[in-house]
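Encoded as C-alpha cells, the structure appears first; notes follow it.
The values are calculated or read from the model by the stated rules, or taken from the named source; none is laboratory data. Everything numeric in this text was worked out from a predicted model, so none of it was measured. Cβ atoms come from the backbone with ideal geometry, glycine included; neighbour counts cover every protein chain shown.
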Protein chains: 4
Amino acid sequence: MDATGHPIRVTVWGENVHEYQSDIVRAIYPHGMHETIASGFRHTLGDRVQVQTATLQQPEHGLTEDVLAATDVLTWWGHKAHQEVDDAIAARVHDRVLSGMGLLVLHSAHYSKIFRLLMGTTCSLRWREADDRELVWTVSPGHPITHGVPHPFTIPRQEMYGEYFDIPQPDELVFISSYSGGEVFRSGCCYRRGSGKVFYFSPGHETYPVYEQPEIQRVLANAVQWAFNADSSGTPLDSVNSPTGWYERQT
Amino acid sequence: MDATGHPIRVTVWGENVHEYQSDIVRAIYPHGMHETIASGFRHTLGDRVQVQTATLQQPEHGLTEDVLAATDVLTWWGHKAHQEVDDAIAARVHDRVLSGMGLLVLHSAHYSKIFRLLMGTTCSLRWREADDRELVWTVSPGHPITHGVPHPFTIPRQEMYGEYFDIPQPDELVFISSYSGGEVFRSGCCYRRGSGKVFYFSPGHETYPVYEQPEIQRVLANAVQWAFNADSSGTPLDSVNSPTGWYERQT
Amino acid sequence: MDATGHPIRVTVWGENVHEYQSDIVRAIYPHGMHETIASGFRHTLGDRVQVQTATLQQPEHGLTEDVLAATDVLTWWGHKAHQEVDDAIAARVHDRVLSGMGLLVLHSAHYSKIFRLLMGTTCSLRWREADDRELVWTVSPGHPITHGVPHPFTIPRQEMYGEYFDIPQPDELVFISSYSGGEVFRSGCCYRRGSGKVFYFSPGHETYPVYEQPEIQRVLANAVQWAFNADSSGTPLDSVNSPTGWYERQT
Amino acid sequence: MDATGHPIRVTVWGENVHEYQSDIVRAIYPHGMHETIASGFRHTLGDRVQVQTATLQQPEHGLTEDVLAATDVLTWWGHKAHQEVDDAIAARVHDRVLSGMGLLVLHSAHYSKIFRLLMGTTCSLRWREADDRELVWTVSPGHPITHGVPHPFTIPRQEMYGEYFDIPQPDELVFISSYSGGEVFRSGCCYRRGSGKVFYFSPGHETYPVYEQPEIQRVLANAVQWAFNADSSGTPLDSVNSPTGWYERQT
C-alpha cells in the first residue's frame, strides 16, 4: 500500500512457454509461473497490492499503454522467447520504467530485451543446470528488500548462475549467492534508471518450485514495496530548454 | 604510454558537420573540432599517445573493424547528426567498449547513439545557449582524471547544461559545474561497462574555443590514460556454460 | 508510520547554544532550533511520527541508552559545541546507527563527532557567511527523499557551503546546490552504515529561518521515512565464529 | 613507477607477533610476513617500486612522520595486536591516507584501528579456521587490479571470512570469494577516502603460505599501482573560508 492508502498495482508478466512445452514445468507450475508469482504477492502482501498477470501470447503481450499506465511495479520472467518480444513493446516498457514504474527482473530475464536495454551491457553470465544447492547471503542488512529474510537462506536445487555477470556495478548490492560447485553470483541487484527502480533477482528456474518458497516470496514482496515510486510520471524526461537563468528569472 | 612502453592508441571521432555549415565554428576550428582535440592530445601527452582521427563522412564513419581493433581509447563528439550514425556502427562501437576499449563522450554527445546504448536512459538534460560562464569544481580530488586540474577552473563562455541530467548515477563523480544562471551539472562522470571504461565530460560547445583551453586538454589527457585498459579483449563477454563445478573439477 | 501502523519515533537533537548567545538566532528560533525542526515533523507527518527533543545541556545530552533504544530516527544539529559532546555519547550514537537507527545530519553538523566517526574523513568544506542565495537541484528524481520537492527550490539567504566537501562518495547523491557566488555543493547525501541509514542535508544556518521553509520540511519529513529501518536491532554486529560450513551443517 | 619515472615508494607494515609466537608461522614466514610481502613486490614490480618494511616493535611502530611522508603506498597486516598500535600513530596514518597516500589493508587487518577509522563501521565478519578452499572470482574485469589475474583462482587452504562483512558498500567491488563451506565474501574492495585510495584484500592467513602465491602477488602489485596518487599532498584537507564568491572575484 502506498502512503495514501491505495494498493500498489503489480503486473506479473510471464513468458508462459515452458509451461506448454514441458511436463516437468507444468507439474510444478500448473497455472503458469506467472500465476504462482502472482499468488505469492497476494499471499504475502494481501490488500497492500492489487495483482494482475500478462503473458507473451496476449495482444501486445498484455502490455498495452493502458495496462502499463495502470502498473506501479512490473515483474518479468522470460527465458526461451526473448526474441519474440516485440521491440516496440520492449521500448514501451523501457520508457515506462524511466518514467517511474518499478521493474523486477527475474532469473533468466537477465537476457530479456528490457533488461539489456536498461543495463547497456551484454548481461551474460556463467551457468549450469545440475541441481546445485544455492545459498543466498545478505550483504546489505539495513536494506528494505532484506526485511525478514534469513541470512543465509537455502534454495535446495537451482540452476547455477555464476560470475562474471556482465552488468553495471549495482547501485546497491543486496544479495550474493554461492553454489555447490563453488561459484558465486551477485543475485540481488538494485538500480535506479530515470525515475524508476529496477531489482534483478536471480533465483527462479522453471524446473524447480522456487517461487513457492517463503523466503523467495518475502524477497519479492519487499522488492515490490521498494520499487514503488509515488512520483511516477507519464513519460520519460525530455531535454528542456531553459532560456533564462534561474537567478535572473527570480530578480 | 602503457606499462609495456607502447603508446596508447587514441582515435578522435568528429561529427564534422557544424564546421561546414557555420562560419563561426569554422573560424574557431578551421581544421575541424576533431583536429583540435587530436592536437590537444599530441601536445599534452606527446609520445605517450598515437592519435588519429575519424569522421562521420568517411566510409563506415571511419570506424571499421580494423580501426576499432587498433584503438585503445575512442573520443566522440557529435551534435547535429546523431541519427545519421549507422546503427550497425553504433553497435560495433558498443561491442568494442564492452570488450575493453575506453570511450570519452564529449558535450552534446550525451545524445549520441553510443552513449544512450551504454547508459540505458534518455540522457536528456536542461540547456541554454547564452554565453554562461561555467565553473568546473572537482569533487573527487584523488582521482587520476583530476591530476593537475585547478579547483575550480573557469570556462569563460559556454552553453549551459543543467540538471536533471538523466543518466545512471556515475560509478565515480569527478566534476560538478555551475553556470551564471545558477544551474548545476554533473560535468565529469566515470562509468565501467563490461570491460570498458567510459568518461562523460560536458564542456565543449562548438561556438567557443573550449578545446583550446589548457585545463580542458589536461582533463582529456588524464581521461585517456584512465580509460586505457591493458586487458582489452577482442569481443564482449558471452554467456559460458560451465557443466562441472569448480570444486568437483579440481578434485 | 511503519508498515505495522506504529508511528516512527523521532528524536530531534539540538546543540542549543546559539539560541542563548545570539539575539538574532533567538528572534528566529525563540524556542530553539530543535523545537522548530520538531514542529516541522509534527506538521508535515502528523500521527505518522512521534517526536521528542533532546539537547546538549541535558544529562547525557538527553541521549540515554533508553532514549536511543526508543528512537527510530535521530536528527542532529550542532555547530559551536561539537567538542562538548562527550566521546562516550558520540560512540553510543554511533553504535546505535550501526545497529539500525536512522540519522539525519543537518548543516554544520558536518563537523560533529558522530558524522566524522561514521564517514572516516575530515568532512571539511568551503564556506562563506554572506547571504548567498542557494538553489537546490534534484539529481535523483525517483528517490523517496525527493517526493513532492520542487526542482529546483530556492533558499533566499543561506550560508555558502562549497566543494570540495571531504566525504566518501555518497551511496546515493540526491541534491546538488549552487550559490550566488558560483560555488556548488553536494547538499543531499545518502549513506548506509552497518544496518543504519544516514542522510546529510546542508541547508539550515542558524541566522536564517530555513527550517520554517516548507520545501525544507518536506525534505526532512521524506528523509525520516526513508531512514526508518523496521529491522533495527539492539547492538551493532560483532564478528561470528562459524565453526562448521553451511553445506556440511545441512547434510 | 609513476608517470615521471620515479619508483613508487612502498612501505610494508607488519605486526610481526605471530612470527615470534608460533613455530608454524615462522616455518612459513621465516623472515616475517612483511618480508615475504615486500619480496613479492620486488619480484613482481622490480624497479617500478622501492620497498621498505616497518613493524609494530620499532619506535613509533616504524611509522614516523618522515617515513610516512616518503611513502606513496602503505600495506598493513595485523591480527593479534591491533590494540597495541598507538592511537596517535593510527591517527597519523589516517591523516596521511586522507592526504593522498594509498593503503592496502590485508586479511585480519579488517579489525585494525586504521581500517575502522577509515570505514566508520564495525568491520566485523564471519570466520572459521578449518582449511577451507577459497575461490576468488573477479566481478570487475576491466579494473586495473584484476590485470593478469585468472578468473577464478584458487587458494588451496585459507581461513574462511564470510558475510555479513560490516563495511560501507565499496566504491568498486573487485573480487568475491567462495569457501568450501558455502560462505561468500567481498574479498577485494576499493574505496576513496579524502585524496587517498584504500584497497581491502582478504586472503592472507598467517598459517598458510598465501603471500607466496603468484596470483596473490599479482593482485597486490596491481593494487599498489592503482593506489598510487601522483597528487598526494602534505596534509588532509581543512575547511576553507572563501569570503568572496568566485563570480565576484573574477569580475
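Kindly indicate whether D:Y164 is among the hydroxyl-bearing types (S, T, Y), assigned to a loop (DSSP other than H, G, I, E, B) and modelled with pLDDT under 95. Walk me through how you get there before you give the answer.
Details: among the hydroxyl-bearing types (S, T, Y): yes; assigned to a loop (DSSP other than H, G, I, E, B): yes; modelled with pLDDT under 95: no.
The answer is no for D:Y164.
Within the stretch A:104-111, does at least one residue satisfy the condition of being more than 9 Å from chain B (Cβ to nearest Cβ) and more than 22 Å from A:L220 (Cα to Cα)?
no
What tally of residues in the stretch D:87-115 results from selecting those that are in contact (Cβ under 8 Å) with a residue 24 or more places away in the chain and part of a helix (DSSP H, G or I)?
Of the stretch D:87-115, the ones in contact (Cβ under 8 Å) with a residue 24 or more places away in the chain are D:87, D:89-115.
Right, trim to part of a helix (DSSP H, G or I) and you get D:87, D:89-98, D:107-111, D:113-115.
Within the stretch D:87-115, residues that are in contact (Cβ under 8 Å) with a residue 24 or more places away in the chain and part of a helix (DSSP H, G or I) number 19.
Would you point out which residue out of A:Q158, A:Q217 is assigned to a helix (DSSP H, G or I), farther than 30 Å from C:I155 by Cβ and more than 10 Å from chain B (Cβ to nearest Cβ)?
Values: A:Q158 fails: assigned to a helix (DSSP H, G or I).
Going through A:Q158, A:Q217 in turn, the sole match is A:Q217.
Within the group C:T44, C:T122, which residue is polar (S, T, N, Q) and closer than 30 Å to C:H6 by Cβ? Walk me through it before giving the result.
Values: C:T122 fails: closer than 30 Å to C:H6 by Cβ.
One residue alone meets the criteria, C:T44.
Being crowded, with 21+ Cβ neighbours inside 10 Å and either among the polar types (S, T, N, Q) or at pLDDT below 95 (or both) is the filter here; which residues of the stretch D:54-77 pass it?
D:T71, D:T75
Of the residues that sit in the stretch B:24-74 and are of a type in the set (D, E) and touching a Ser or Thr at 6+ places or on another chain (Cβ under 9 Å), which one is nearest to B:K197 (Cα to Cα)? Working first, answer last.
Start the filter on the stretch B:24-74 by keeping residues that are of a type in the set (D, E), which leaves B:35, B:47, B:60, B:65-66, B:72.
Those left that are additionally touching a Ser or Thr at 6+ places or on another chain (Cβ under 9 Å): B:35, B:72.
On the way: B:E35: 23, B:D72: 11 Å.
Result: B:D72.
Kindly establish whether A:R133 is within 11 Å of chain C (Cβ to nearest Cβ), among the charged types (D, E, K, R), in a strand (DSSP E or B) and surrounded by fewer than 24 Cβ atoms within 10 Å (Cβ to Cβ). Before the answer, list the steps.
Values: within 11 Å of chain C (Cβ to nearest Cβ): yes; among the charged types (D, E, K, R): yes; in a strand (DSSP E or B): yes; surrounded by fewer than 24 Cβ atoms within 10 Å (Cβ to Cβ): yes.
Here the answer is yes, as A:R133 does meet what is asked.
Check whether at least one residue in the stretch A:195-206 is touching a residue at least 12 places away in the same chain (Cβ under 8 Å), in a strand (DSSP E or B), over 30 Å from B:D131 (Cα atoms) and facing another protein chain (nearest Cβ under 7 Å), and report yes or no. Can you show your working first?
Kept after step one, since they are touching a residue at least 12 places away in the same chain (Cβ under 8 Å), are these residues of the stretch A:195-206: A:195-206.
Add one more test, that the residue is in a strand (DSSP E or B), and what stays is A:196-201.
With the extra rule that they be over 30 Å from B:D131 (Cα atoms), the set shrinks to A:196-201.
Cutting the leftovers down to facing another protein chain (nearest Cβ under 7 Å) gives us A:196-197.
Checked against the condition, which is being touching a residue at least 12 places away in the same chain (Cβ under 8 Å), in a strand (DSSP E or B), over 30 Å from B:D131 (Cα atoms) and facing another protein chain (nearest Cβ under 7 Å), the stretch A:195-206 yields at least one hit.
If only one of D:Y211, D:Y164 is within 30 Å of C:E248 (Cα to Cα), at the interface with another protein chain (Cβ under 9 Å from one of its Cβ atoms), touching a residue at least 12 places away in the same chain (Cβ under 8 Å) and not polar (S, T, N, Q), which one is it? So that I can check it myself, show each step before the final result.
Values: D:Y211 fails: at the interface with another protein chain (Cβ under 9 Å from one of its Cβ atoms).
Selected residue: D:Y164, the only one of D:Y211, D:Y164 that is within 30 Å of C:E248 (Cα to Cα), at the interface with another protein chain (Cβ under 9 Å from one of its Cβ atoms), touching a residue at least 12 places away in the same chain (Cβ under 8 Å) and not polar (S, T, N, Q).
Taking into account only those residues within the stretch A:169-183 that are assigned to a strand (DSSP E or B) and more than 10 Å from chain B (Cβ to nearest Cβ), which is farthest from the chain's Cα centre (by Cα)?
We begin by selecting, within the stretch A:169-183, every residue assigned to a strand (DSSP E or B); these are A:172-179.
Next, only the ones that are more than 10 Å from chain B (Cβ to nearest Cβ) stay: A:172-178.
Numbers: A:E172: 15, A:L173: 15, A:V174: 14, A:F175: 14, A:I176: 16, A:S177: 17, A:S178: 20 Å.
Result: A:S178.
Can you name the condition, by its number, that B:D66 falls short on among (1) in contact with a Leu (Cβ under 7 Å, 6 or more places away or on another chain); (2) away from every other protein chain (no Cβ under 13 Å); (3) free of Cβ contacts under 8 Å to residues at least 24 places away in the same chain?
Result: B:D66 passes all but (1).
Taking the stretch C:112-129, which residues are at the interface with another protein chain (Cβ under 7 Å from one of its Cβ atoms) and among the aliphatic types (A, V, I, L, M)? Let's see the steps before the verdict.
The initial filter retains those residues of the stretch C:112-129 that are at the interface with another protein chain (Cβ under 7 Å from one of its Cβ atoms), namely C:117-122, C:124-128.
Those that are at the interface with another protein chain (Cβ under 7 Å from one of its Cβ atoms) and among the aliphatic types (A, V, I, L, M): C:L117, C:L118, C:M119, C:L125.
Could you identify the single residue in A:S187, A:S124, A:S140 that is surrounded by 24 or more Cβ atoms within 10 Å (Cβ to Cβ) and either of a type in the set (G, A, S) or in a strand (DSSP E or B) (or both)?
Numbers: A:S124 fails: surrounded by 24 or more Cβ atoms within 10 Å (Cβ to Cβ); A:S140 fails: surrounded by 24 or more Cβ atoms within 10 Å (Cβ to Cβ).
Result of the check over A:S187, A:S124, A:S140: A:S187.
Helices (runs of 4 or more DSSP H) wholly in the stretch D:2-86 with at least 2 residues that are farther than 27 Å from D:E215 by Cβ - which ones?
Hits in the stretch D:2-86: D:18-21, D:65-69.
Looking at the stretch D:184-194, which of the residues that are closer than 17 Å to D:H151 by Cα and among the hydrophobic types (A, V, I, L, M, F, W, C) is nearest to the other protein chains (Cβ to nearest Cβ)?
D:V184
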